[in-house]
Amino acid sequence: MIRIHPSALIAPEATLASDVRVGAYTIIGPGVSIGHGATIGSHVLIDGITEVGERCQISSHVVLGAPPQILEDRSETTRLVIGDGVVIREFASVHRGSSKGRGATVLGQRTFLMAYAHVAHDCVLGDEVVVASQAGLAGHVEVEERAMIGGQAGIHQFVRIGKYAMVGACSAVLQDIPPFLKAQGNRAKCYGLNTVGLRRHGVSPEAIAKLKHAYRSIFLSKLNTSQALERLATDVDSCPEVEHLIHFIKTSLRGIAR
């Protein structure tokens, strides 16, 4: 098998590890670096200042590091950073950061973007995030580790998705989704804990029980959010997961989906 197809166009300034494979008709720009063991499919475009980590799998017709979809934006010096072990399937696109944002778009290690998914400028995704087919993340979205976003879901700009959260397919998410919860709908609402995901990732039964108690206090009691958080913060029988949930809600700027 040919390591770099003769039809691929690779800028002399690009930095590719010695074992990187590049498919037919792929274009790689001068500001690109690609780590060991990465595989780049056919008809891929990698542009801008883009760092692709080790052992990444980039399928055909993917676009990485394109300019932000912002009128009159000149973000030549902004970046896209892709962690190790990331899988990006056919026709997905990830844009680099903007000069008016944080200046970088970041995909954590072992992130999985399915076909036709889109991650816009200045987004930050944690490790092992899954974005299903045709889902779209607008600019400045933050997704914590091991969250899952269902197919055709739309995430509004500046929204945060907490870790281990699960957003259902076709949802329209306009407010923050707290960690450990499931959300669904247009507009998305929260519907209990993502208990299956928590168990799969080794969260203890004790922590899950405490999260259930916290969920009932915040979403199902007669207390408002501030009162519920104040009561949970004084609970001596807390755990790191509940503390993270409280901190996430307290630091929300768009408000949480109820």
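The values are calculated or read from the model by the stated rules, or taken from the named source; none is laboratory data. Because the structure is predicted, anything quoted here is derived from the model rather than measured. We place every Cβ from the backbone using ideal geometry, glycine too, and count neighbours over all the protein chains shown. What goes into the accessible areas is simple: the full protein's heavy atoms, side chains included, and nothing from ligands, DNA or RNA. Shrake-Rupley method; radii C 1.70, N 1.55, O 1.52, S 1.80 Å.
Looking across segment 137-184, the residues that are open to solvent by less than 30 Å² (accessible area, probe 1.4 Å), of a type in the set (Gly, Ala, Ser) and in a loop (DSSP other than H, G, I, E, B) come down to Gly139, Ala147, Gly150, Gly151, Ala153, Gly162, Ala165, Gly168, Ser171. Collect the residues in segment 210-258 that are assigned to a helix (DSSP H, G or I), exposed (fewer than 12 other Cβ atoms within 10 Å of the Cβ) and among the aliphatic types (A, V, I, L, M), keeping them in residue-number order. Result: Leu220, single match. Just one of (1) surrounded by fewer than 16 Cβ atoms within 10 Å (Cβ to Cβ); (2) of a type in the set (Gly, Ala, Ser); (3) modelled with pLDDT of 95 or more fails for Gly65. It is (1). Scan segment 12-25 for residues that are farther than 21 Å from Glu76 by Cα and either in a loop (DSSP other than H, G, I, E, B) or basic (Lys, Arg) (or both) and jot them down. If the condition is that a residue be farther than 21 Å from Glu76 by Cα and either in a loop (DSSP other than H, G, I, E, B) or basic (Lys, Arg) (or both), then Ala17, Ser18, Asp19, Val20, Arg21, Gly23, Ala24, Tyr25 are the ones that fit.
In the condition set (1) open to solvent by less than 10 Å² (accessible area, probe 1.4 Å); (2) farther than 26 Å from Gly255 by Cβ; (3) of a type in the set (S, T, N, Q); (4) modelled with pLDDT of 95 or more, Gln134 is compliant with all but (1).
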